[in-house]
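Single-structure report; data block below.
The values are calculated or read from the model by the stated rules, or taken from the named source; none is laboratory data. Note that the structure is predicted; figures quoted are calculated from it, not measured. Cβ coordinates were reconstructed from backbone atoms using ideal geometry, including for glycine residues, and neighbour counts include every protein chain displayed.
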Amino acid sequence: MGKQKSSAQSDPAGGESKVVPIPSAARELSMQQLVHRMLEFLGEDPEREGLVRTPARVESSLRWLTRGYGESVDELVRGAVFEEEHESMVLVRDIEIYSMCEHHMLPFFGKAHVAYLPNGRIIGLSKIPRIVDVYARRLQVQERLTDQVADALMRVLRPHGVGVVIEAYHLCMMMRGVEKQNSKTVTSALRGNFLDGTTRDEFLRLAHGGNWLE
């Protein structure tokens, strides 16, 4: 009996890759072939005009939507961290996010508000939304996504603290299951000085200064 093959996936925390075994049955089919079979299981005809190119489109779409597995925060921020004695809070708010619920592979979308207290170093502002995307473009749960963004900034910047709030709508709650159209999920992750009441209150006041979802 041959050895089971495996593939490497990026650690969600941004560290070294971990090895994930690939079931033998899955190795025998390409992604497009799997989508073709799925369409058959749904009772469709994968060869009809409207579906004949669907397997290729689905593969392209999923690879784009989960491209974060192939991205590294360390590579992303290289050359974009600068020595600077700024001591006040830096906040980038209303960062659009699009991710995929790992339980149903349905989208969730919303906005992230990310802040940090510099400790002699700052980061290029555009890198903060890019860090969010590294983790959002994976199969996710919102709770973990929030923690990963906070922990990544703590690791690459070593600031006095980090605060992250994400507000999102989940299609797995809207178009199936409980079908609640107006429910949004809010998660937060606070690190370092953001656990202090005064800093936390300032951050949350600035982060929720606009009601974009209403």
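Name every residue in region 75-130 that is farther than 28 Å from residue 196 by Cβ and of a type in the set (A, V, I, L, M, F, W, C), in order of residue number.
76, 100, 101, 105, 106, 108, 109
Tell me yes or no: at least one residue of region 160-179 is in the same structural domain as residue 128 (by TED's automatic domain parsing), β-branched (Val, Ile, Thr) and at pLDDT below 95. Steps first, please.
Step one: filter region 160-179 for residues in the same structural domain as residue 128 (by TED's automatic domain parsing), giving 160-179.
Checking the rest, the ones that are also β-branched (Val, Ile, Thr) come to 162, 164-166, 178.
Narrowing the set further to residues that are at pLDDT below 95 leaves 178.
Among the residues of region 160-179, at least one is in the same structural domain as residue 128 (by TED's automatic domain parsing), β-branched (Val, Ile, Thr) and at pLDDT below 95, which makes the answer yes.
Assess whether residue 77 counts as being surrounded by 15 or more Cβ atoms within 10 Å (Cβ to Cβ), over 17 Å from residue 153 (Cβ atoms) and not assigned by TED's automatic domain parsing to the domain that holds residue 192. Before the answer, list the steps.
Working: surrounded by 15 or more Cβ atoms within 10 Å (Cβ to Cβ): yes; over 17 Å from residue 153 (Cβ atoms): no; not assigned by TED's automatic domain parsing to the domain that holds residue 192: yes.
Answer is no for this residue.
Does residue 92 count as within 15 Å of the chain's Cα centre (by Cα), surrounded by 15 or more Cβ atoms within 10 Å (Cβ to Cβ) and not in a loop (DSSP other than H, G, I, E, B)? It would help to see each step written out before you state the result.
Values: within 15 Å of the chain's Cα centre (by Cα): no; surrounded by 15 or more Cβ atoms within 10 Å (Cβ to Cβ): yes; not in a loop (DSSP other than H, G, I, E, B): yes.
Spelling it out, it is not the case that residue 92 is within 15 Å of the chain's Cα centre (by Cα), surrounded by 15 or more Cβ atoms within 10 Å (Cβ to Cβ) and not in a loop (DSSP other than H, G, I, E, B).
Does region 73-84 contain at least one residue that is part of a loop (DSSP other than H, G, I, E, B), under 25 Å from the mean Cα position of the chain (by Cα), of a type in the set (D, E, K, R) and at pLDDT below 95? Lay out the reasoning, then the answer.
At the first step, the residues of region 73-84 found to be part of a loop (DSSP other than H, G, I, E, B) are 78-80, 84.
Checking which are under 25 Å from the mean Cα position of the chain (by Cα) leaves us with 78-80.
Pick out the ones that are also of a type in the set (D, E, K, R) and you get 78.
Next cut, at pLDDT below 95 only: 78.
Yes: one or more hits.
Conditions: (1) at pLDDT below 95; (2) assigned to a helix (DSSP H, G or I). Residue 149 meets all but one. Number of the miss?
It fails just one condition, (1).
Spot the failing condition for residue 36; the list is (1) touching a Gly at 6+ places or on another chain (Cβ under 8 Å); (2) over 27 Å from residue 130 (Cβ atoms), and only one is missed.
(1)
For region 136-146, enumerate the residues that are surrounded by fewer than 19 Cβ atoms within 10 Å (Cβ to Cβ) and in a helix (DSSP H, G or I).
The first filter runs over region 136-146 and keeps only residues surrounded by fewer than 19 Cβ atoms within 10 Å (Cβ to Cβ), leaving 139, 141, 143-144.
Listed by number, the residues that qualify are 143, 144.
Look at region 40-56 and say how many of its residues are assigned to a loop (DSSP other than H, G, I, E, B) and either on the phi < 0 side of the Ramachandran plot or surrounded by 10 or more Cβ atoms within 10 Å (Cβ to Cβ) (or both). So that I can check it myself, show each step before the final result.
Within region 40-56, the first condition is being assigned to a loop (DSSP other than H, G, I, E, B), and the residues that meet it are 42-53.
Checking the rest, the ones that are also either on the phi < 0 side of the Ramachandran plot or surrounded by 10 or more Cβ atoms within 10 Å (Cβ to Cβ) (or both) come to 42, 44-53.
The qualifying residues number 11.
Looking only at residues that are in contact (Cβ under 8 Å) with a residue 40 or more places away in the chain and not in a strand (DSSP E or B) in region 168-195, which one is surrounded by the fewest Cβ atoms within 10 Å (Cβ to Cβ)? Quick ask: steps written out before the conclusion?
Taking region 168-195 and keeping what is in contact (Cβ under 8 Å) with a residue 40 or more places away in the chain, we get 168-172, 175-176, 184-185, 187-194.
Now narrow it down to the ones that are not in a strand (DSSP E or B): 171-172, 175-176, 184, 193-194.
Working: 171: 15, 172: 16, 175: 12, 176: 10, 184: 14, 193: 19, 194: 24.
Taking the candidates together, the pick is 176.
For region 57-72, which residues satisfy the criterion of being part of a helix (DSSP H, G or I) and of a type in the set (Ser, Thr, Tyr)? If you could, list the steps in order and put the result at the bottom.
Our first condition is that a residue be part of a helix (DSSP H, G or I); within region 57-72, this holds for 57-65, 67-70.
Correct list: 60, 61, 69.
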